[in-house]
């Protein structure tokens, strides 16, 4: 199975954010990612709790502390200038907990993704799906039943328990939506070069070129911002991709 590159992009920014937020000593020096992993994860043991025989190609995944969703894909033949070519389309969604497969469903539309998990007294997942101009986002229970439709559209993410929703990089302005999916406000630091990650149900970390900022979603105010040391600013109009990263 191929590893989803988006997963590693998100992991990279999460680790980078943690390194910047939690200095390694009283002088506030930033430790390397290798040192962080060795210091914080060296004692963790990996134990297989279940295995899964993936029947088709792996397409993408989303995870939380309790759940893992995996999107499966199947081949479709398309004609190109070079002749017939097999491409892979998502077609089925599987969700696991620590014991194994929890849900296996085929969404309504051909294009879909799990935007995140909402964990509380009862756990849910957020599913975005659509085809062409027809787009739907909704909260589903872990049996695959729609619990609540959301008004926001597009490639969104959710805060830990769904107090707000947001876009994250490369899809347009950094727009924040409320619990119902209605547009709340747009963060001016957003753009086509940003990445965002909800740190809690009221705060959001934003990386925009070489600036890291921390926002209070409730007050709609920036708490602080700082320049990322050793990382060059990316020119306007350039997508933030691994080939453009420069990190000291």
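The values are calculated or read from the model by the stated rules, or taken from the named source; none is laboratory data. Remember, predicted model here, so these are calculated numbers, not experimental data. FYI the Cβ positions are ideal-geometry reconstructions off the backbone, even for glycines, and counts take in every protein chain you see.
Evaluate the following for residue 62: is it touching a strand residue (DSSP E or B) at 6+ places or on another chain (Cβ under 6 Å), within 21 Å of residue 149 (Cα to Cα) and part of a strand (DSSP E or B)? So residue 62 passes the test. Here 85, 81, 66 are screened, and the one residue that is under 26 Å from residue 179 (Cα atoms) and loosely packed, with under 14 Cβ neighbours inside 10 Å is 66. On the stretch given as the range 104-142, residues that are touching a strand residue (DSSP E or B) at 6+ places or on another chain (Cβ under 7 Å) and in a loop (DSSP other than H, G, I, E, B) total 7. Taking the stated definitions as given, is residue 191 at pLDDT below 75, touching a helix residue (DSSP H, G or I) at 6+ places or on another chain (Cβ under 9 Å), under 24 Å from residue 129 (Cα atoms) and not in a strand (DSSP E or B)? No: the conditions fail for residue 191.
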